[in-house]
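Colleague: This structure is in structure tokens; I'll ask about it shortly.
The values are calculated or read from the model by the stated rules, or taken from the named source; none is laboratory data. What you see is a predicted model; the values in this text were computed from it and never measured. Here the Cβ is made from the backbone with ideal geometry for all residues, glycine too, and neighbour counts use every protein chain on show.
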Amino acid sequence: MRRTVAELVRERWGDHRPGLWFEGRVLSHHQMAAGAAARAELLAGLLASGAEPHVGVLLDNTPEYPLWLSAAAVAGAAVAGLNPTRRGPELARDIRHTECRVVVTERAHLPLLDGLELPGVRLLVTDTDAYEELLAPYADAEPDASRATPDDRLLLYFTSGSTGAPKAAICSQGRLAAAGHSLVGHFGVRPDDVHYVCMPMFHGNAVIADWAPALAAGAGVALRRRFSASGFLPDVRAYGATYFTYVGRAVQYILATEERPGDRDNPLRLGFGTEAGAVDAAAFERRFGVRLVEGYGSSEGGAAIQWRPGTPPGAVGRAAPGDDLAVLDPDTREECPPAEFDAAGRLGNGAEAIGELVNRGPNPFEGYWRNPEADAARRRAGWYWTGDLFYRDADGFLYFAGRTDDRLRVDSENLAAATIENILARYEGAAAVAVYAVPDPVAGDQVMATVAGDFDPLGFAAFLLAQPDLGTKMAPRFVRVVERMPVTATNKIHRAGLRREGFRCADPVWWRPPGERCYRRLTGADVAGLVDEYRARGREELLTRA
């Protein structure tokens with residue numbers, strides 16, 4: 001029987017155990033359910049008749065975020081998670097595209113909304129007296145799950161793609177409830193567990209893989225406003241956290257903190273996430289005594305891989321029985337050959353073995369909000385194309401290798417190359433610009449740009465700072481400078497060649513090392529040091545993927 005998230009919220013009514021911890025505050029499960037009911041009633045009164053029941057949420061990880069997720073579920077509405085790293089017209093576009101008539105935010109994020117054209121949008125600012133006054137009449141409301149159905153939209157979460165503008169993927173109440181219950185069974189989540197939510201809740205990772213299973217099991221949730229590597233272990237101990245989700249870069253940041261003798265003294269049972277990498281996962285378990293379980297799920301829900309015992313280091317897992325996942329060459333639609341590894345476990349035939357992960361069987365993809373072109377592109381030839389690169393070993397285990405050329409994943413953010421290109425094209429010295437991904441030494445990608453024309457490193461850095469819509473993850477790590485942009489026989493930019501050469505090319509390359517503000521010329525010694533870092537983490541072969 002399909003469940004709704006509204007039913008899960010209702011089940012917490014009357015449960016007076018601690019349910020949420022945040023910055024010294026503790027709320028019971030009952031208080032969370034009551035708060036959701038009050039916000040659901042407020043939302044029902046604010047939404048105009050005939051308008052789409054969509055509410056934009058532009059918040060850090062405060063209690064208001066899960067309260068509004070729960071409120072939307074009870075009201076039969078949907079939450080559009082707004083990314084605070086988006087800026088100016090791009091952020092306004094996200095709000096207008098998802099047809100949000102209400103945006104919930106906090107005072108710290110109000111500057112992001114200043115000057116944006118948002119006709120007809122009502123702002124609710126949570127940390128104000130006016131907000132409390134709006135909620136006061138509904139203090140005695142009880143959550144009524146009868147207004148919701150499993151097919152109701154609940155999440156509209158943004159993912160990037162070849163169209164440039166982020167697409168809003170749809171997740172229904174039924175799918176989110178099912179995902180929560182599935183993870184409860186897979187990991188044995190108990191009511192006395194505490195899930196530590198330190199990844200941003202505008203991402204599917206935190207909501208689908210952390211909050212939803214806690215709600216389904218009646219477990220507690222501990223919130224961190226924003227991820228902090230130095231605050232990770234103190235939080236885990238203070239809250240008694242037993243489970244957390246992550247993306248690869250977060251694991252690296254935690255490992256970079258000062259090691260202490262008592263690091264293994266913590267209550268964690270496991271961490272669940274993506275892109276940690278075999279080297280960092282092993283280091284995390286040695287240091288903290290906590291196993292990291294790697295999983296994969298496309299943001300849109302069209303394909304999923306779960307780790308199981310026996311999965312080799314570095315692999316995500318193997319397709320479950322009945323799944324029809326394949327690694328295909330996107331041009332020929334033929335299966336790529338199995339991966340070959342050298343004695344050290346490094347991939348030796350990446351150019352042939354790496355392809356796009358495709359689900360050729362039934363899948364729960366629910367589409368994008370008002371974007372039929374993107375729907376059609378994702379469902380090519382009747383199959384679900386993930387847009388993610390993988391390779392498969394001879395035993396069928398799947399390994400994540402990055403994104404296709406139109407998408408980049410930087411520090412857990414999905415970015416569209418076209419969006420960054422449109423911004424960099426404003427640079428006065430640029431006659432042409434191409435943006436593409438180069439692998440990050442640890443996980444995901446880094447942004448690289450090729451600029452045809454005149455390039456001044458100081459002027460370019462100043463230009464980037466002046467762009468109001470340049471997100472915090474969009475600035476190129478590497479800039480290749482050419483006299484003329486390389487093109488194919490059909491006069492298109494030769495992106496495959498640019499990606500394959502990366503920063504190891506004959507043209508001048510400028511780069512901004514981590515922690516530095518200015519660009520400087522990439523030297524031979526810099527390249528050697530970078531390659532050593534990739535090699536140490538088993539990712540050198542990815543540098544030559546086309």
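Colleague: If only one of Val316, Val327, Val358 is in contact with a strand residue (DSSP E or B) (Cβ under 6 Å, 6 or more places away or on another chain), under 24 Å from Leu292 (Cα atoms) and surrounded by 15 or more Cβ atoms within 10 Å (Cβ to Cβ), which one is it?
Modeller: Exactly one of Val316, Val327, Val358 is in contact with a strand residue (DSSP E or B) (Cβ under 6 Å, 6 or more places away or on another chain), under 24 Å from Leu292 (Cα atoms) and surrounded by 15 or more Cβ atoms within 10 Å (Cβ to Cβ), namely Val316.
Colleague: Still on this structure, please answer the following. Can you name the residue in region 100-152 that is among the aliphatic types (A, V, I, L, M) and in a loop (DSSP other than H, G, I, E, B) and is also farthest from Val74 (Cα to Cα) among such residues?
Modeller: Leu116
Colleague: Further, regarding this structure: Here are the criteria: (1) of a type outside the set (Val, Ile, Thr); (2) at pLDDT 95 or above; (3) part of a helix (DSSP H, G or I). Tell me which single one Ala80 does not satisfy.
Modeller: (3)
Colleague: Is there any pair with a first residue in region 198-219 that is of a type in the set (Phe, Trp, Tyr) and a second that is at pLDDT below 95 whose Cβ atoms are under 8 Å apart and which are 6 or more apart or on different chains, and what are they?
Modeller: Final answer for the pair search is Phe202/Asn83; Phe202/Pro84; Phe202/Tyr157; Phe202/Phe158.
Colleague: Quick one: which of Gly314, Gly301, Gly310 is farther than 18 Å from Tyr384 by Cβ, at pLDDT 85 or above and part of a loop (DSSP other than H, G, I, E, B)?
Modeller: Criteria check complete, one pass: Gly310.
Colleague: Assigned to a strand (DSSP E or B), farther than 29 Å from Leu154 by Cβ and touching a Leu at 6+ places or on another chain (Cβ under 8 Å) - does that describe any residue in region 280-294?
Modeller: yes
Colleague: Wholly within region 162-233, which strands (runs of 3 or more DSSP E) include no fewer than the required count, namely at least 2 residues that are of a type in the set (A, V, I, L, M, F, W, C), more than 19 Å from the chain's Cα centre (by Cα) and not assigned by TED's automatic domain parsing to the domain that holds Glu373?
Modeller: Of the strands (runs of 3 or more DSSP E) lying wholly inside region 162-233, those with at least 2 residues that are of a type in the set (A, V, I, L, M, F, W, C), more than 19 Å from the chain's Cα centre (by Cα) and not assigned by TED's automatic domain parsing to the domain that holds Glu373 span 220-223.
Colleague: Could you tell me whether Phe455 is in contact with a Gly (Cβ under 8 Å, 6 or more places away or on another chain) and in a loop (DSSP other than H, G, I, E, B)?
Modeller: yes
Colleague: Being under 22 Å from Cys171 (Cβ atoms), in a loop (DSSP other than H, G, I, E, B) and charged (D, E, K, R), is that true of even one residue in region 379-396?
Modeller: yes
Colleague: Another question, then. Among Ala229, Ala281, Ala276, Ala238, which is the only one that is at pLDDT 85 or above and buried (at least 19 other Cβ atoms within 10 Å of the Cβ)?
Modeller: Exactly one residue qualifies, and that residue is Ala281.
Colleague: Return the total of residues in region 18-36 being of a type in the set (Lys, Arg) and in contact with a helix residue (DSSP H, G or I) (Cβ under 7 Å, 6 or more places away or on another chain).
Modeller: 0
Colleague: Take the residues of region 487-531 that are in a loop (DSSP other than H, G, I, E, B) and touching a strand residue (DSSP E or B) at 6+ places or on another chain (Cβ under 7 Å): which is surrounded by the most Cβ atoms within 10 Å (Cβ to Cβ)?
Modeller: Within region 487-531, the match that is surrounded by the most Cβ atoms within 10 Å (Cβ to Cβ) is Tyr519.
Colleague: Sticking with this structure for a sec: Based on what the data block shows, is Asp235 within 18 Å of Asp15 (Cβ to Cβ) and free of Cβ contacts under 8 Å to residues at least 40 places away in the same chain?
Modeller: No; evaluated as a whole, the condition is false for this residue.
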